[in-house]
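What follows is one structure encoded as structure tokens, with my remarks underneath.
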Amino acid sequence: MKADALRGHLDALLLAVLDGRTLHGYAIIEALQSRSGGALDLPTGTVYPALRRLERAGMLASEWDVVSGRKRRSYQLTAAGREELAAERKRWQEFTTVIGGVLHA
């Protein structure tokens, strides 16, 4: 699936992957791939800027770790991120209900 198809949904996907856990950037990309059955294979150039944007918006917090001598940044949801994720899930449910009603009529 191409990154263009995710326009408007990437933030919700990133927040959902981080729900209840702390992950570094590459692990977030792997989680998206795994949870989507391989359909979401997003490049780092799409994911990392979105993570930084979500952090600037107060939805994520991050910290630097050193693992095997390499620095990596790990991300987790803030209270605002958890609230936004709940709102995104509600909006998504409403959207799929409406579209499903039209497509399956």
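Might you check whether a residue that is assigned to a helix (DSSP H, G or I), of a type outside the set (F, W, Y), surrounded by 14 or more Cβ atoms within 10 Å (Cβ to Cβ) and modelled with pLDDT under 95 occurs anywhere in the range 55-63?
No, the conditions are met nowhere in the range 55-63.
Quickly run through the range 78-102 and pick out the residues that are of a type in the set (S, T, N, Q) and in a helix (DSSP H, G or I).
Correct list: Q93, T96, T97.
Please work out if A57 is closer than 21 Å to E88 by Cβ and over 12 Å from the mean Cα position of the chain (by Cα).
The answer is yes for A57.
Give me the pairs, please: first residue somewhere in the range 77-98 and of a type in the set (G, A, S), second residue anywhere and in a helix (DSSP H, G or I), beta-carbon distance under 9 Å, and either six or more positions apart or on two chains.
G81/L15; G81/L18; G81/L54
Working only within the range 64-78, note down all residues that are surrounded by 10 or more Cβ atoms within 10 Å (Cβ to Cβ), over 13 Å from the mean Cα position of the chain (by Cα) and not polar (S, T, N, Q).
Once the filter is applied, which keeps residues that are surrounded by 10 or more Cβ atoms within 10 Å (Cβ to Cβ), over 13 Å from the mean Cα position of the chain (by Cα) and not polar (S, T, N, Q), the range 64-78 yields D65, R72, R73.
Name every residue in the range 28-46 that is assigned to a helix (DSSP H, G or I) and either farther than 13 Å from R73 by Cβ or at pLDDT 95 or above (or both), in order of residue number.
I28, I29, E30, A31, L32, Q33, S34, R35, G45, T46
Please go through the range 1-19 and give me each residue that is part of a loop (DSSP other than H, G, I, E, B) and at pLDDT 95 or above, ordered by number.
Correct list: D19 only.
Anything in the range 3-31 that is in contact with a helix residue (DSSP H, G or I) (Cβ under 6 Å, 6 or more places away or on another chain) and free of Cβ contacts under 8 Å to residues at least 40 places away in the same chain? List them, or say none.
Of everything in the range 3-31, those that are in contact with a helix residue (DSSP H, G or I) (Cβ under 6 Å, 6 or more places away or on another chain) and free of Cβ contacts under 8 Å to residues at least 40 places away in the same chain turn out to be V17, I29, A31.
Going by the conditions given, is Y48 in contact (Cβ under 8 Å) with a residue 24 or more places away in the chain and either more than 12 Å from the chain's Cα centre (by Cα) or surrounded by fewer than 19 Cβ atoms within 10 Å (Cβ to Cβ) (or both)?
no
A105 - would you say it is assigned to a loop (DSSP other than H, G, I, E, B) and out of contact with any Lys or Arg (no Cβ under 7 Å at 6 or more places or on another chain)?
yes
The values are calculated or read from the model by the stated rules, or taken from the named source; none is laboratory data. Only a predicted model underlies this, so the values are computations on that prediction, with no experimental measurement involved. Cβ: placed from backbone, ideal geometry, glycine included. Neighbour counts: every protein chain shown.
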